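Undergrad: Here it is, the structure, as structure tokens.
The values are calculated or read from the model by the stated rules, or taken from the named source; none is laboratory data. Since we're looking at a predicted model, the values are computed, not measured. Methodologically, a virtual Cβ is constructed for each residue, glycine included, from the backbone with ideal geometry; neighbour enumeration extends over all protein chains shown. In case anyone asks, the SASA skips ligands and DNA or RNA and just uses the protein heavy atoms, side chains included. Shrake-Rupley method; radii C 1.70, N 1.55, O 1.52, S 1.80 Å.
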Amino acid sequence: MRGPDALDWDGYCARWSAAHGGYDPRTAPSLVRGWLRLGHTLGAALLRAGVGSPNTVTSFGLLFSLGVPPVAALAPLGALWAAILILLAAFADTIDGVLAVIADRATRLGQVYDSAADRLSEAAWLVAFALLGAPVWLTVAAGGTMWLHEYVRARATVAGLPDIGTVTIAERPTRILIAIFGLLATLLDTRAAAVTMVMALLVALIGLGQLLRAVVKALR
């Protein structure tokens, strides 16, 4: 059952750490820490309001993301509304994890569903950038590198790496911000779609390098 401190930030961090290989979110980089804290605040409010199903929130987030490509293709402000959809999806993606922790609703099946929903969401965002003018090969390269980042972490975890291993520059909050600001930039210049994919690819490569270094060090 949920303890009396489960809605408290420190109590949440303790539970989150126990579920993620001992990594304390309070020591994470400011961007990741701030995003998690915002998600905790929103998730705690929803739990107090009686909303406690993480999978329901995950589903809403996926639906928001699947709406991004068709909305982004609309003129003249489609990219703006697509960015708003990504922001809503990002909130849902954070809140579902918060609910799973503080409401004691985390399940192995839910973890698989959440991970699959994340990858499908990111695929939808990439399709939007391709529709807005980014070269398909560049979009595929950026997406493939981002997904390789997650795949390496998942396989390393199976091999014995603590669940997080290390927090890299290419974590999901960074990818979300790149997508949102990239879409907004296309309102000013259509070339921004390609530039955004170049930035996404570079960040993903750096993050993959950081992760590989941590994996080699931990599993050698």
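Undergrad: So what's the gap between the Cα centers of region 81-160 and region 30-64, to the nearest angstrom?
TA: Centre-to-centre (Cα) distance: 15 Å.
Undergrad: If you take the beta carbon distance between Leu42 and Leu74 as r and set R0 to 25 Å, what does 1/(1 + (r/R0)^6) give as a FRET efficiency, to the nearest 0.05?
TA: Using R0 = 25 Å, I get an efficiency of 0.35.
Undergrad: For the chain, what is the accessible area per residue in Å² when the probe is 1.4 Å?
TA: Here the residues of the chain average 50 Å² of exposed surface.
Undergrad: Suppose every Lys and Arg Cβ carries +1 and every Asp and Glu Cβ carries -1, with no other charges. What dipole size does the chain come out with about its Cα centre, to the nearest 20 debye?
TA: 400 debye
Undergrad: On a 0 to 90 degree scale, rounded to 10, what angle separates helix 172-186 from the longest Cα axis of the chain?
TA: 20 degrees
Undergrad: OK, next. Roughly what would the spin-label model give for Arg26 and Ala154, points 7 Å off Cα along C-beta, in nm?
TA: With each label point 7 Å from Cα toward Cβ, the separation is 3.2 nm.
Undergrad: Show me the trypsin sites (Lys or Arg not before Pro) within region 17-93 that DSSP assigns to loop and that have at most 16 other Cβ atoms within 10 Å of their Cβ.
TA: none
Undergrad: If you average over every viewing direction, what projected area does the convex hull of the Cα atoms of region 85-218 give, in nm²?
TA: Taking a quarter of the hull surface, the average projection is 8.2 nm².
Undergrad: How much net charge surrounds Ala90 when only the other residues with a Cβ under 15 Å from the Cβ of Ala90 are counted, with Lys and Arg +1 and Asp and Glu -1?
TA: That works out to -2.
Undergrad: Right, here's the next one. Evaluate the distance, in nm, between pseudo-label points positioned 7 Å from the Cα of Ala123 and of Thr107 along their respective Cα→Cβ axes.
TA: In this crude spin-label approximation the distance works out to 2.3 nm.
Undergrad: Still on this structure, I have one more. Subtract the Cα-Cα distance of Ala116 and Ile84 from 0.36 nm times their separation in residues, and report this length gain in nm to one decimal.
TA: So the extension gain works out to 9.4 nm.
Undergrad: Leaving out ligands, DNA and RNA, and with a 1.4 Å probe, what % of the accessible surface on the chain is carbon or sulfur?
TA: Accessible surface attributable to carbon and sulfur in the chain totals 69 percent.
Undergrad: First select every other residue whose beta carbon is under 13 angstrom from the beta carbon of Gln210; then total the charges, Lys and Arg +1, Asp and Glu -1.
TA: Within the 13 Å Cβ shell, the charges total +2.
Undergrad: Report the relative contact order of the chain, percent, no decimals, based on alpha-carbon pairs under 8 angstrom and at least 6 residues apart.
TA: Taking the mean separation of contacting Cα pairs over the length of the chain, I get 23 percent.
Undergrad: Please give the net charge around Val57, taking every other residue with its beta carbon less than 12 angstrom from that of Val57, where Lys and Arg add +1 and Asp and Glu add -1.
TA: Residues close to Val57 contribute a combined charge of -2.
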